[in-house]
Amino acid sequence: MRYALVFLTGAVLAAAAALAWPQDARKPHGVAAHYAELGLSPEQRAAIDPLLKQMEERVGPLCRAIAQQKRALYDELRADAPDRAKIDAAIEAAVDVRRDMQRALVDHLAAVKPILTPDQRVRLFDRLSAERR
């Protein structure tokens, strides 16, 4: 009985430590997360990694711009008398940045597509199209 209690206590502490442990902020996300599921060969990975880095460098500033525009929009909405022109300008700016982000993704996928096998292409695009359903 005492060993079971010690074991259970240890298991609970281990689970709590795992939940409290800082998670890696650089976990693959977006299209990068899908590459892990495609079973890329080392040669494919070597060809895709620089393209992925280029896209991340292109999209990073855009993500920060969207966050900044979102803050500006909410700050304006928070005002007692929000200025509709400022709100509309913030929305248009966000749409422009999201358009640039979409272009970056399309450019990246166009560059990666020839590196993938036909089966990998199908699986990647199936995953991407199912992502937002």
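Checked against the criterion of being charged (D, E, K, R) and exposed (fewer than 12 other Cβ atoms within 10 Å of the Cβ), the candidates Glu57, Glu76 yield just one match: Glu57.
Specify the residue that is surrounded by the most Cβ atoms within 10 Å (Cβ to Cβ); the eligible residues are those in the stretch 79-121 that are in a helix (DSSP H, G or I) and small (Gly, Ala, Ser).
Of all residues in the stretch 79-121, those in a helix (DSSP H, G or I) come to 84-115, 118-121.
Add one more test, that the residue is small (Gly, Ala, Ser), and what stays is 85, 89-90, 93-94, 104, 110-111.
Values: Ala85: 9, Ala89: 15, Ala90: 20, Ala93: 16, Ala94: 17, Ala104: 17, Ala110: 10, Ala111: 16.
Of everything passing the filter in the stretch 79-121, Ala90 is surrounded by the most Cβ atoms within 10 Å (Cβ to Cβ).
Within the stretch 89-116, residues that are within 13 Å of Ile48 (Cβ to Cβ) reach partners that are among the β-branched types (Val, Ile, Thr) and assigned to a helix (DSSP H, G or I) with beta carbons closer than 8 Å, at six or more positions or on different chains, in the pairs His108/Val31; Leu109/Val31; Val112/Ile48; Ile115/Ile48.
Every number in this text was worked out from the coordinates using simple rules, so none of it is lab data. Just so you know, these numbers come straight off a predicted model, no measurement behind them. Cβ coordinates were reconstructed from backbone atoms using ideal geometry, including for glycine residues, and neighbour counts include every protein chain displayed.
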